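Inspection log for the structure reproduced underneath, given as structure tokens.
The values are calculated or read from the model by the stated rules, or taken from the named source; none is laboratory data. This is a predicted model, so every value here is computed, not measured. Please note: Cβ atoms are built from the backbone with ideal geometry, for glycine as well, and neighbour counts cover all protein chains shown. In case anyone asks, the SASA skips ligands and DNA or RNA and just uses the protein heavy atoms, side chains included. Shrake-Rupley method; radii C 1.70, N 1.55, O 1.52, S 1.80 Å.
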Amino acid sequence: MAPNDVSGRDLGLMHRAARLYYVDELNQAAIAERLTVSRPTVSRLLAEARRVGIVQITVHDPDSLHTGDDDAPRLAAALGLDRVWLAPVVTGDLGRSLAEPVGEALREAGLRAGDVLLVSSGRTVWELSHTALPTLAGCEIVPTVGGVAEPEAWHQTNEIVRSVAERGHGRPHFLFTQAMPSPAMSRTLADDPEFRRVTGFWSRAQAALVGVGAPPAGRDSISTSVPLDDEGLRAGVGDVCLNFYRADGRPIAFPGSDRMVRISPDQLRRVPRTIAVAVGEEKVPSIVGGARAGLFNRLVTDAPTARALLDALPPA
């Protein structure tokens, strides 16, 4: 049976079975009970999911999986960070590739009910929000930037917060504003009790999970609030929570940046555990600049990016 001969109902069952087996790690008997089908049917659904491409399994050469046992502490020392976690190799599924080390970093934060976890926008964090995350039961999940009306899902911070809260059983909080509101709206927000309540979490957060943006001039996706035609901004090397910076970590101001709804660099520096997540050679200057700016004190990346960073940095 060719993939285009499979019915929509069968594809839906294949997807549900595959998610329960590969993501939620249920056994076939439990999946059969959940889907009210027989165990042989579950086995068939999983086999068909692989055949039609719903599930893709990659087998890596062992040499490609070598992360270098000392690369993580060496990189932490070179960047001046508290700790670094490495994924072996990031595949096309960014979220699943990084889920394990990000889970370790979140568990290391030791969050308990009532603690605050801040969450940024960005494609990497968006993809992570759709993976299995550690339990965050009772934690307050709070956005670090505005993002209402963005056309791309990974800049819709409220939806990322909602997904993280749902998967981790936390309590979501939302910012109902653009990343760069108009001057009139900005004045209104300053007097809005709900806005002040949500942004008040920024100063008492125990942890943050943030992406690291690539150099603005080379980005194919960025918040619509960011004026990419600004010469100073185009000379930047990256951003964390829409705080853009130069290679040496110095901040970049641009038209309207004083109205941006974003956690400030000083507030980020006061968060005890700020976990940055970034992979790819194009992110090397972005990671270095963000570390120099002190915008995060922990990093999750992959082994190839770690080696590129170590090659680019002077020995610690």
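Restricting Ser163, Ser186 to residues that are over 25 Å from Val279 (Cβ atoms), in a helix (DSSP H, G or I) and open to solvent by less than 40 Å² (accessible area, probe 1.4 Å) narrows the list to Ser186. Considering only residues in region 31-64 that are in a helix (DSSP H, G or I) and loosely packed, with under 11 Cβ neighbours inside 10 Å, the one that is modelled with the highest pLDDT turns out to be Pro40. Taking region 238-316 and the strands (runs of 3 or more DSSP E) fully enclosed by it, the elements with 3 or more residues that are under 19 Å from Asp71 (Cα atoms) and of a type outside the set (Ser, Thr, Tyr) are at 273-277, 298-302.
Residue count for region 206-222 satisfying the condition of being open to solvent by 10 Å² or more (accessible area, probe 1.4 Å) and assigned to a loop (DSSP other than H, G, I, E, B): 7.
Across region 269-310, the qualifying residues are those that are open to solvent by 60 Å² or more (accessible area, probe 1.4 Å) and out of contact with any helix residue (DSSP H, G or I) (no Cβ under 9 Å at 6 or more places or on another chain), and the one among them that is nearest to Leu98 (Cα to Cα) is Pro272. Of the residues making up region 129-160, those that are open to solvent by 10 Å² or more (accessible area, probe 1.4 Å) and part of a helix (DSSP H, G or I) number 5. Tell me whether region 99-109 contains one or more residues that are open to solvent by 20 Å² or more (accessible area, probe 1.4 Å), modelled with pLDDT of 90 or more, under 22 Å from Asp24 (Cα atoms) and in a loop (DSSP other than H, G, I, E, B). Scanning region 99-109 turns up no residue that is open to solvent by 20 Å² or more (accessible area, probe 1.4 Å), modelled with pLDDT of 90 or more, under 22 Å from Asp24 (Cα atoms) and in a loop (DSSP other than H, G, I, E, B). Does Pro183 satisfy the criteria of being of a type outside the set (A, V, I, L, M, F, W, C) and closer than 20 Å to Ser264 by Cβ? Here the answer is yes, as Pro183 does meet what is asked.
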